[in-house]
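A short write-up of the structure that comes next.
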Amino acid sequence: MGDVVYEMTTLEKPFDAMFIQQLIVQIVHGKLPPMPKDKYNPSTRPSADDILKNPLFITFKQNKTRKHKTKYYETQTGNTDAKIKYQFSTDEGLVIKLYKKHIARLNVDAIVNAANHRLANVGGVADKRKAAGHKMAQECNHIITQQGQILDGYNVVTSAGNLPYQAVIHAVGPRWHEHKNKADCLKILKFTISNILDTARSNNFKCVAMPPISSGVCGVPKSMCAAMYLRGICEFSKQGQLGSMKEFHIIDIHDDILDMINDWHSKLKNNPRCLDVDAVLSGSDGVNILRNYRGKTDIHIYTKDILKIRGIDVIVVSEDSWVKGEGGLSRALLTAGCDKYRQEHRHLQPQSNNSTTGLSRTVVLVTSGGHKLPFKHVVHAVLRREKGDTEELYQTTLWSTIDNVLSTVNTMKTTKDITVAIPMIGLGAKPSDEIMKKCCWTLKESITKFLEMWPSIHISEIHLVNNFDTTTSTPTDVS
């Protein structure tokens, strides 16, 4: 099946997606609240400036000024590497492999543990320490006793205990919400990767595997993590001092971040500046990002085919009162989804003998994403303009619907914070510029009030994404 491109309305001409994007950006831009208080304890934790001024960090920073560029070229994966998802090499000869596998079952010299500052027995660290046994735990405790906490960007090496490796590199990545200056956070993450590779070379390892760092509870957006992983690899490689290092593997049990690294690699071949920290922060593909909106949630605003976005847990789609799946996005999801998703969608439809009007507007229903859609859940919001609606009444209905959507997503039971993509729902047929502006204002205000009123927010990212460039442009005109 080819790519499914959905239409936002049933119109012959889709509305202006870029107009909507610019509208939303203009509406919310400049209205950010103060950033949350820095979580660093100055008595025990260094500032970002301390880390960035460290001589080891500066060494990597200076090396990037070397005049020759690191070139990337594709290498073929043979039958012996059938499980490798992506593979490429730097011009200096460092082979990068991306694939899905558990960290404890790899054919490498050493693995990286995404550690916290105390090498404590929590989260993913706990799983590795349990598998490694008592010896590695003792070594970790001894290091903390002798050296104190491990700083962001740095790493220590222990034996692998019962794990089948020569050693474990315990690396501490930065936490997103501990940095007011997000550029500092990304620079430290980039340094974390370069430093891991430097440690591997110093220990004469040939092949090292790393799981995602800083992308989980540390909160750095996955796409930005992927970019900094690649940038860190690039900066290490272009020093021209690979030493023993032959291969660097990035592994995960999910596809998302592996796909993102590969996407950044593809962009890098055409645009060597795409991995610059400022470009990654601003959104190199026209993505506008509002950090810590209301001190709680990152908001991403961009134009893209919704079915092609990755790393999103929940997608929102509007439905009519009978949940017929006749809207553009709803049809596209039904076409792209599996039988399980289509069956769940059918079960949402009210029985005709039980209702003459269908479901009420603002009702929100949830299905899984099935086995094919790139989302874990689909939230179906019942929202259609009705004959006789005043614009004031409709905007109130839209507000309530968005609030119900966010409330539903926020209370989903997950082991981590959740990400949601919301297209500009509720525009109706042939919306005027004025209608689009009002809907954008309602969307912005409903999100703002929701974040202000709920004491506990579990939504880490809200993606306001539309498919057509024309729609995303509108937001710019509102000051």
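Taking only the stretch 194-222 into account, find how many residues are among the hydroxyl-bearing types (S, T, Y), surrounded by fewer than 24 Cβ atoms within 10 Å (Cβ to Cβ) and under 23 Å from H102 (Cα atoms). Let's see the steps before the verdict.
We begin by selecting, within the stretch 194-222, every residue among the hydroxyl-bearing types (S, T, Y); these are 194, 199, 202, 214-215.
Of the ones still in play, those that are also surrounded by fewer than 24 Cβ atoms within 10 Å (Cβ to Cβ) are 199, 202.
Now restrict to residues that are under 23 Å from H102 (Cα atoms): 199.
Residues in the stretch 194-222 being among the hydroxyl-bearing types (S, T, Y), surrounded by fewer than 24 Cβ atoms within 10 Å (Cβ to Cβ) and under 23 Å from H102 (Cα atoms): 1 in total.
Go through the stretch 86-118 and give me each residue that's crowded, with 17+ Cβ neighbours inside 10 Å, under 19 Å from I253 (Cβ atoms) and of a type in the set (A, V, I, L, M).
I96, L98, I103, L106, V108, I111, V112, A114, A115
Assess whether R231 counts as being free of Cβ contacts under 8 Å to residues at least 60 places away in the same chain, in a loop (DSSP other than H, G, I, E, B) and not polar (S, T, N, Q). Break it down into steps so the answer makes sense when it comes.
Numbers: free of Cβ contacts under 8 Å to residues at least 60 places away in the same chain: yes; in a loop (DSSP other than H, G, I, E, B): no; not polar (S, T, N, Q): yes.
The answer is no for R231.
Can you go through G295, G216 and tell me which one is part of a loop (DSSP other than H, G, I, E, B) and within 16 Å of the chain's Cα centre (by Cα)?
Values: G295 fails: within 16 Å of the chain's Cα centre (by Cα).
Among G295, G216, only G216 is part of a loop (DSSP other than H, G, I, E, B) and within 16 Å of the chain's Cα centre (by Cα).
Taking the stretch 319-331 as the search range and keeping residues that are surrounded by fewer than 22 Cβ atoms within 10 Å (Cβ to Cβ), not basic (K, R) and not in a loop (DSSP other than H, G, I, E, B), which one is modelled with the highest pLDDT?
S330
What about F191, is it crowded, with 24+ Cβ neighbours inside 10 Å, at pLDDT 95 or above and under 17 Å from A114 (Cβ atoms)?
Values: crowded, with 24+ Cβ neighbours inside 10 Å: yes; at pLDDT 95 or above: yes; under 17 Å from A114 (Cβ atoms): yes.
Answer is yes for this residue.
Confirm whether A226 is crowded, with 24+ Cβ neighbours inside 10 Å and assigned by TED's automatic domain parsing to the domain that holds V112.
So A226 fits the description; yes.
Can V112 be described as within 23 Å of C225 (Cβ to Cβ), outside any strand (DSSP E or B) and modelled with pLDDT of 90 or more?
On the way: within 23 Å of C225 (Cβ to Cβ): yes; outside any strand (DSSP E or B): no; modelled with pLDDT of 90 or more: yes.
Judged against the criteria, V112 is not a match.
Read through the list (1) in contact (Cβ under 8 Å) with a residue 24 or more places away in the chain; (2) touching a strand residue (DSSP E or B) at 6+ places or on another chain (Cβ under 8 Å); (3) surrounded by 17 or more Cβ atoms within 10 Å (Cβ to Cβ); (4) assigned by TED's automatic domain parsing to the domain that holds G369, then give the number of the only condition that L307 fails.
Just one mismatch for L307, condition (2).
Quick grid of which residues meet (1) more than 19 Å from K190 (Cα to Cα); (2) touching a residue at least 60 places away in the same chain (Cβ under 8 Å); (3) out of contact with any strand residue (DSSP E or B) (no Cβ under 8 Å at 6 or more places or on another chain):
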| residue | (1), (2), (3) |
| --- | --- |
| M245 | no, yes, no |
| F248 | no, yes, no |
| I253 | yes, yes, no |
| L258 | no, yes, no |
| I261 | no, yes, no |
| W264 | no, no, yes |
| L275 | no, no, yes |
| A279 | no, no, yes |
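Would you point out which residue out of S223, S237, S215, S194 is under 19 Å from H265 (Cβ atoms) and touching a Cys at 6+ places or on another chain (Cβ under 8 Å)?
On the way: S223 fails: touching a Cys at 6+ places or on another chain (Cβ under 8 Å); S237 fails: touching a Cys at 6+ places or on another chain (Cβ under 8 Å); S194 fails: touching a Cys at 6+ places or on another chain (Cβ under 8 Å).
Matching residue, one of S223, S237, S215, S194: S215.
The values are calculated or read from the model by the stated rules, or taken from the named source; none is laboratory data. Just so we're clear, the structure is a prediction, and the values are computed from it rather than from any experiment. Here Cβ is always computed from backbone atoms with ideal geometry, including for glycine, and neighbour counts include all displayed protein chains.
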